[in-house]
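To start, the structure under review is shown below, and the notes come after it.
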Amino acid sequence: MEMGRDLALLAPELTLAAAAMLMIVAEMFRAARLVLAIGLAGLTAATVMTLPMPSVDATVFGGTYRIDLISGWAKLILLPGTALSLLLVRAEIAGRPREGSVQSLVVLVTLGALMLSGAGDMMVVVIGVVLTGLGSFALVAWPRDDAATEAAMKYLVFGAVTGSVMIYGLTFWFGGTGSTLFSGLGQLQGQTLVTIAGLIAIIVGLGYKGSLVPFHFWAPDAYQGAPVSIAAYLSVITKAAAFFAFAQVLRDLPRDGGWPLALAVIAAATMTYGYLAALVQTNLVRLIAYSSVAQSGYFLMGIVALGASGFAVPGILVFAAAYVAMNLGAFAVVLLAGRDLDDLEGFGRTHPWLGAAMVVFLLSLTGIPPLFGFVGKFYLLSAAVEAGFLWLAIIGILNSVLALGVYLRLVVPMYRELRPGGTQGRGNPLTLAVVLVVLVATLFMGLAAGLLPGP
Amino acid sequence: MIWLALTLLAPFGAGLAALALRRVPEAIALTGAALGLAGAIALFAGVAGGAEVTATLPFLPDLPIRLVGSPLTATLALVVAAVAAMVLTYAAGYMARDPERPRFFGTMLMFVAAMQLLVLSGDWITLLAAWEMIGFASYLLIGFWHGREGVPGAATRAFLYTRTADLGLYLAAFLLIGIAGTSEISATLSTTGTPALIAGLLLLFAAMGKSAQVPMQDWLMRAMAGPTPVSALLHSATLVAAGAILLIRTAPMLPGGALLAIGIVGGATAVVTGLMALAATDLKRLLAASTASQYGLMLIAVGAGVPIAALLHLIAHAAIKSALFLGAGVFQHDRESTDLDTLAGAGRARPGIFAGFALAALALAGLPPLAAFYSKDAILAAALNSISAAWLLPLALAGSVLTGAYMGRALKVLWTGAAETPRDPVPLMAVGMGVLVALAATLGLVFKPLEAMLGAHLAEPGWVVPVMGLSVGLAGLALGWLLAPARLLGPLLAPARNGFPLAGGMDALVVRPALALARRCDRLDMWIIRRVVLGGIVAGAQSLSRRIERAEAGLLALVNAVGQLNLSLGQISLRTDRDTIDRAIFGLVDRTIALGSRARRLQSGFIHREMALTVAGIALVTGVLLAAPLYF
């Protein structure tokens, strides 16, 4: 009977897993359209099944997996985000060999992301990290050229090292509490060194996944080597999942261990380094990659405030939703415009609507009200202030000034005169549809933020 | 409520229409501006008795969007709508030959709508949103002719300067919301004590950026790169006014310390930018510096504790400065330049326009019975009666003398010199400017009823202040007309012409270090490798890289083994389709193995260095965590 309840609560995850398997079968018959259709259907079904669940607060399988506010909203954010990514993948590599494999890997990685978002146990976190990691390496390597191979290799090596550090460090927590459940972390009170060892494990393992400085080195290379749609997918889904996992782990840890301060330092370093490095990039994908590194710093502000501010969890969720929308949008425009900053030259003139959409995404990434990104940042900054980290909030605001400098480097050439011989032409309708969907979300979800969880 | 909506939505809707339809932008713009003006007039009439109209829309939980039509906000909305309507009329003539008119009028209307939102906002979040929108819209407008040299730079500079100052507004808003527990502006104004002082100083910082107060005045001079109607709008009732409006609206909360800081910043600006205006060699830059100077005078009034005087001067200045800019635009239209040498005698060629320009200039200098005579007297009286009179009065008087002096100089340049016949009549431009000049001349008459409506009473002027104001105005005009700036300024001329490089040193303080830091960050990898890693970490890094290779080999073996296992499972279940299975299900494994062999050939050689940095990061985190108990 217990088992039946657990399975019912897990319906979205099981649906997604089934869809992923079916996608692989369909790929055997080289039916790429069918693969896509199954994937979209599975994601839609899983989303619909989640809709009645956000109010549930339960655990399944002996407390190892949580069905709660965070994992519920994680599904509502990650599943539609994955569906949009699938469309981008289709738009970019339709008809190329192994298209279906890429699609099915994307869905499998999302399954891993859901594992991370609902983790109630150290082992589930490890499974989540491995499941998202292995799929991602293959996705990055898909183009089979030197750049992609090198990027994937780097990604893999980073993953291997940080993953082993994480597993090693987590054994200390297991030793300290006698259980792998996070709910038992309260017993660590007083065992300073054990707490620190496990914390370092979590910070390294999830920091790598969420591309926090100084575990971010793989990100720009991986995004640059991978197809643009895969870079878009990795930059939003696996990253958001890493921060959901952070929230699941650290909300049970006593706040007196000094970890909020350590994370605050990392947050400040991440956003500052990310934007400074973005300021001097000439490759558009690398620029957005560094900007997404900087966005991780904002995510981390919410983690820093966990347990000390009612804004923390809503902040992470709302910002994640906004981030998925606006970053996917920015990458989708890159997919249409080209991978180099020069490719944007005059883009806003030849494609006025897409140019305007890009401006909206970039302003939202900066955090200009009333766009969606502002609401998320507003919650996160409020959380940091309430938790007593005013200095971090100030650094966050200062960095948003820097962010504007970064994003203006994109906006300004977009509206310059078009060089002779510049690109013209219509975009792929699938990409345009994705841009439209995330544009509507970015523009109007900020005003409808009351629908999302609040403090 | 409906008038509130019309005031906001008419320019907004018209802006959207102009951008979307891309035809007859002038007609759309003028309709939108007229409807917006009608809405503002009706709103003003509705709240004239002292009533308040509010509209509340749901937004974030507990933080709804509020719009407030109070006597103060309705007055400001009316000023914005009236100036916008006239400037747009003028622009219909000025921009007649520009191929990009839809974009121009669309952006202008959006700008006006954003300004109305700012003026009417009743909560901090809406105010922040509007504040950002006007910043962005002004960026688009200043950069309107982005093809021309120097224009994108000027627009970016204006944006970055004002953005930096926005930091103050964000922090102040967070602080006030946090303390009052609500985002409603009127409710947060009851904040007292230290928080009020901090918030007041932060608000001052925000206002300094937007109103181009010393030392952040530089962007305003460069913002002249935009079309003249844009300057007229930015400088009179909108962008630059936002800073002063912010302080006027929050004045009830400001404690003595903040007031003194505001007064001194205002006074310093009035004098410094007044000198810059006097030294300027370009008519539009002269007017721009004068704008900053006049806003300095308004800040003196706020600092003296009489925000109503600042409001009156803001209204008078809105009409006067837009009229002056529109006049300058006509001269620019004739001579294709705004350089003062080129413009010599331009006024003589167009006596009608010159008369209007002169009337507005005399009004700004404070001659009775023109508008600024009353408002400037109110400011001088406020400074005289303030507890900080020793600081504020000399600065206010110096600012007033300089006002007369640079206006006198401008009039002289425009009038003396060779006249030439103007090329063509400019009816639309003349109408827009004429109405504003008429307002500049007569607005003084409505100040008394306006004071009554706002529930504020200025002290009776007596005779000292008017005499003082009139004499400094006349003295300034005479100095400006009779003496060349070189004689008047002496050694100050060169620094004033360069915009007081010390005071305008934002570039050196903020922009350049930020870029340098960015470049350094980009080279961080190389730098660390050369300077730090070579020292002693090299050995560690190398051993680490060997270890990584082993880890990699182990992982590959593991992956291989898993792959083999899965493959054999696959063989059992679907023996017939082995090849497909291999490719499809275990494409992942397949890829990873291929990857390993390929990467061995690649020898990127960088990973171990980055891993060394990662290890350094881990060490840092460990250090912070270990040291943390010391803080708690």
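Local charge for residue B:91 was computed over the other residues whose Cβ lies under 13 Å away, with Lys and Arg +1 and Asp and Glu -1, and equals 0. Take every Cα pair under 8 Å whose residues are at least 6 apart in sequence, average their separation, divide by the length of the range B:65-160, and the relative contact order is 31 percent. Relative to the longest principal axis of the Cα atoms of chain A, the long axis of helix A:284-304 makes an angle of roughly 30 degrees.
Using a simple spin-label model with pseudo-atoms 7 Å out from Cα toward Cβ, residue B:179 and residue A:41 lie 6.1 nm apart. Backbone geometry of the range A:62-78 corresponds, through the Karplus equation with coefficients 6.51, -1.76 and 1.60 at θ = phi - 60°, to 3J(HN,Hα) couplings of x, x, 7, 10, 9, 10, 9, 4, 5, 5, x, 5, 4, 5, 5, 8, 6 Hz, x marking Gly and Pro.
Regarding the range A:1-132, what is the average projected area of its C-alpha convex hull, in nm²?
On the way: hull surface 30.8 nm².
Average of the hull's projected areas for the range A:1-132 equals 7.7 nm².
Amide H contacts under 5 Å for residue B:337: none, restricted to partners 5 or more places along the chain or on a different chain, H placed in the peptide plane at 1.01 Å from N.
The B-A contact accounts for roughly 6600 square angstrom of buried accessible surface, both chains included, probe 1.4 angstrom. The coefficient of translational diffusion for chain A, derived via Stokes-Einstein from the alpha carbon Kirkwood radius under 4 °C and 1.567 mPa s, stands at 60 µm²/s.
In the context of the full set of protein chains, the range A:258-455 has a per residue accessible area of 28 Å² (1.4 Å probe).
Projected onto planes of every orientation and averaged, the convex hull of the alpha-carbon atoms in the protein assembly as shown covers 44.6 nm². With 20 Å² as the minimum drop in accessible area between chain alone and full protein complex (1.4 Å probe), the qualifying residues in the range B:114-136 are B:125, B:129, B:132, B:133, B:136.
Once the other residues with Cβ under 11 Å from the Cβ of residue B:121 are scored (Lys, Arg +1; Asp, Glu -1), what is the net sum? In short, 0. For residue A:154, the lysines whose Cα comes closer than 17 Å to its Cα, not counting residues fewer than 8 places off in the same chain, are A:209. When only Cα pairs below 8 angstrom with a gap of at least 6 residues are kept, the range A:31-182 shows a relative contact order of 21 percent. Under 27 Å of direct C-alpha separation, and excluding same-chain neighbours fewer than eight residues apart, residue B:284 reaches these lysines: B:210, B:321, B:376, B:412.
Accessible area per residue for the range B:290-370 is 19 Å², calculated with a 1.4 Å probe on protein heavy atoms, without ligands, DNA or RNA. Using R0 = 45 Å, the C-beta based FRET efficiency linking residue A:174 and residue B:187 works out to 0.30. Averaging the sequence gap over all C-alpha pairs within less than 8 Å and six or more residues apart, then dividing by the number of residues, gives the range B:352-418 a relative contact order of 31 percent. In the range A:27-63, the residues that give up 20 Å² or more of accessible area when the other protein chains are added, compared with the chain on its own (1.4 Å probe), are A:28, A:30. Semi-axes of the equivalent ellipsoid for the range B:137-182, computed as √(5λ) from the eigenvalues of its C-alpha gyration tensor and ordered from largest down, come to 33, 9, 4 Å. The calculated FRET efficiency for residue B:627 paired with residue B:48, based on their beta-carbon distance and R0 = 60 Å, is about 0.40.
The helix-based estimate of mean residue ellipticity at 222 nm for chain A, built from -39,500 (n - 2.57) per DSSP H run of four or more residues and divided by its residue count, is -24000 deg cm²/dmol to the nearest 500. Distance between the modelled labels on residue A:7 and residue A:183, one decimal in nanometres: 2.2 nm (7 Å Cα→Cβ projection).
Plainly put, the range A:300-431 has a radius of gyration that is 1.08 times its Kirkwood radius, both from alpha-carbon atoms, as the Rg/Rh ratio.
From the alpha carbon centroid of the range A:320-388 to that of the range A:1-25 is 34 Å. Computed from the C-beta positions of residue A:55 and residue A:340 and an R0 of 41 Å, the FRET efficiency is 0.30 to the nearest 0.05. Within the range A:308-333, name every residue whose backbone N is under 18 Å away from a label modeled 7 Å from Cα of residue A:96 along the Cβ vector. Backbone N within reach: A:331-333. At q = 0.29 Å⁻¹ the log10 of I(q)/I(0) for the range A:1-52 amounts to -0.99, computed by Debye summation with a single uniform scatterer per C-alpha, solvent ignored. Considering only B:58, B:128, B:90, whose Cα is most displaced toward the positive end of the charge dipole of the range B:1-136, charges sitting on Cβ of Lys, Arg (+1) and Asp, Glu (-1)? Positive-most Cα among the choices belongs to B:90.
For the range A:297-380, with all protein chains in place and a probe radius of 1.4 Å, 63% of the accessible heavy-atom surface sits on carbon or sulfur. Amide H contacts under 5 Å for residue A:65: A:60, A:120, restricted to partners 5 or more places along the chain or on a different chain, H placed in the peptide plane at 1.01 Å from N.
Here the simple spin-label model places points 7 Å from the Cα toward Cβ, and for residue B:23 and residue B:1 these points are separated by 3.9 nm.
The values are calculated or read from the model by the stated rules, or taken from the named source; none is laboratory data. Values in this document were obtained by computation on a predicted structure and should not be read as measured data. Please note: Cβ atoms are built from the backbone with ideal geometry, for glycine as well, and neighbour counts cover all protein chains shown. Remember, those area values only see protein heavy atoms, side chains included, never the ligands or the DNA or RNA. Shrake-Rupley method; radii C 1.70, N 1.55, O 1.52, S 1.80 Å.
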